[in-house]
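The values are calculated or read from the model by the stated rules, or taken from the named source; none is laboratory data. None of the values given here were measured: they were computed from a predicted structure. Cβ sites come from the backbone with ideal geometry, for glycine too, and all protein chains shown count toward neighbours. SASA here: full protein model, heavy atoms, side chains in, ligands and nucleic acids out. Shrake-Rupley method; radii C 1.70, N 1.55, O 1.52, S 1.80 Å.
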Amino acid sequence: MRNFTCVKDIQNACGSLDAAVKEALAIKADRFAYSHLGKNKTLMMVFFNSSLRTRLSTQKAALNLGMNVIVLDINQGAWKLETERGVIMDGDRPEHILEAIPVMGSYCDVIGVRSFARFESKDDDYNEVILNQFIKYSGRPVFSMEAATGHPLQSFADLITIEEHKTVARPKVVLTWAPHPKALPQAVPNSFAEWMQAADYDFVITHPEGYELAPEFAGNARVEYDQMKAFEGADFVYAKNWAAYSGDNYGKILCTDRSWTVSERQMAVTNNAHFMHCLPVRRNMIVTDDVIESPRSLVIPEAANREISATVVLKKILENL
Ligand code: AN0
Ligand code: CP
């Protein structure tokens, strides 16, 4: 595998999504089995945004494979980067990304990039202008550590977690919007929708009107605007906030209705569903204390599986270097 930005990349690299999950479970059982693979190879992780899980789990994955790791937080100590070509750089950004990227590439063998949607231009976000410049100009394999439109390492970990906990071949998985005080990107729900459909689960999305996801990610997923109806018989409930995508509302908060907060009220109509969230989560906005603390909550094993998804992805990239 050269780059990892979406489900197709891992399907192609492993042969199928089933094979990718099998490989993940094998690595989980023996996570140092390929500790020779990354010898004298360097991973560079570049963060334009904050992170706890991605930073730690991806670094741990690289260590599992025997790699060296260097980390750059663009907003803490690096030069502020201009990202537009043609700009007269007389402002507060002393370096252009067109120099910075090949320079970064010269110090490493693989690059991970975290670069959230900026909500300044829908076109720029949905064309993944930052991630794609890394792919084009770094000369290195690049993987997404959450870019503007997707968070594939998260969705891969979510898939592994569901496969570990499901009790029927084709579980009912519900992605529910939940309220949040700040406008958040669609990356996590986009990828989750993409991966759940690739896994061919019984997949339903529920959200208030106006929160429809981009068609290329929503695909043919069932959308149910009545949250209680959507939750009926669910085996897994995956909560996430996102800002509006459609039209002029791109990046806006349209609803703050806390009746969408996942609580025992909605969980009661499920098939004793497991609760999932990618974290970080705002308690009593997205989910009540009771639900996130219940024995059916998978938020911690889900986060732990981030090490596994990242190990598989880095292994596939290293095998192709
Ligand atoms: C980010 C988001 O919603 O995309 C990262 C989630 C993994 N969340 C926040 O900024 C709170
Ligand atoms: N889930 C996730 O990606 O968490 P971080 O933002 O802490 O990396």
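If I70 satisfies all but one of (1) under 30 Å from L37 (Cα atoms); (2) within 20 Å of the chain's Cα centre (by Cα), what's the number of the condition it fails?
Here I70 meets the rest and fails (2).
Taking the stated definitions as given, is P181 touching a residue at least 60 places away in the same chain (Cβ under 8 Å), open to solvent by 10 Å² or more (accessible area, probe 1.4 Å) and within 14 Å of ligand 2 (Cβ to nearest atom)?
no
Go through region 162-178 and give me each residue that's open to solvent by less than 10 Å² (accessible area, probe 1.4 Å) and either within 15 Å of ligand 1 (Cβ to nearest atom) or part of a strand (DSSP E or B) (or both).
Answer for region 162-178, where residues must be open to solvent by less than 10 Å² (accessible area, probe 1.4 Å) and either within 15 Å of ligand 1 (Cβ to nearest atom) or part of a strand (DSSP E or B) (or both): V173, V174, L175, T176, W177, A178.
Could you say whether any residue in region 197-208 is among the hydroxyl-bearing types (S, T, Y), more than 16 Å from ligand 2 (Cβ to nearest atom) and touching a strand residue (DSSP E or B) at 6+ places or on another chain (Cβ under 6 Å)?
yes
What single numbered condition from (1) in contact with a strand residue (DSSP E or B) (Cβ under 8 Å, 6 or more places away or on another chain); (2) exposed (fewer than 13 other Cβ atoms within 10 Å of the Cβ) fails to hold for P94?
All conditions pass for P94, except number (1).
Within the set of pairs 6+ apart or on separate chains, which have a first residue in region 50-70 that is basic (K, R), a second that is within 15 Å of ligand 2 (Cβ to nearest atom), and C-beta atoms under 6 Å apart?
Hits for this filter: R53/A303; R53/R306; K60/E307.
I'm trying to understand the selection: among the residues of region 1-24, which are open to solvent by 70 Å² or more (accessible area, probe 1.4 Å) and assigned to a helix (DSSP H, G or I)?
Scanning region 1-24 gives K8, N12, D18, K22.
Would you be able to tell me the number of residues in region 180-204 that are within 16 Å of ligand 1 (Cβ to nearest atom), over 15 Å from the mean Cα position of the chain (by Cα) and closer than 26 Å to C14 by Cβ?
Number satisfying all stated conditions: 0.
Which helices (runs of 4 or more DSSP H) sit wholly inside region 227-321 and have at least 3 residues that are closer than 22 Å to R53 by Cβ and within 16 Å of ligand 1 (Cβ to nearest atom)?
Fully inside region 227-321 and qualifying: 299-319.
Name the single residue, out of those in region 272-294 being β-branched (V, I, T) and more than 16 Å from ligand 2 (Cβ to nearest atom), that is most open to solvent (accessible area, probe 1.4 Å).
Ranking the qualifying residues of region 272-294, first place goes to T288.
Within region 246-262, does at least one residue satisfy the condition of being closer than 25 Å to N64 by Cβ, open to solvent by less than 30 Å² (accessible area, probe 1.4 Å) and touching a residue at least 12 places away in the same chain (Cβ under 8 Å)?
Checked against the condition, which is being closer than 25 Å to N64 by Cβ, open to solvent by less than 30 Å² (accessible area, probe 1.4 Å) and touching a residue at least 12 places away in the same chain (Cβ under 8 Å), region 246-262 yields no hits at all.
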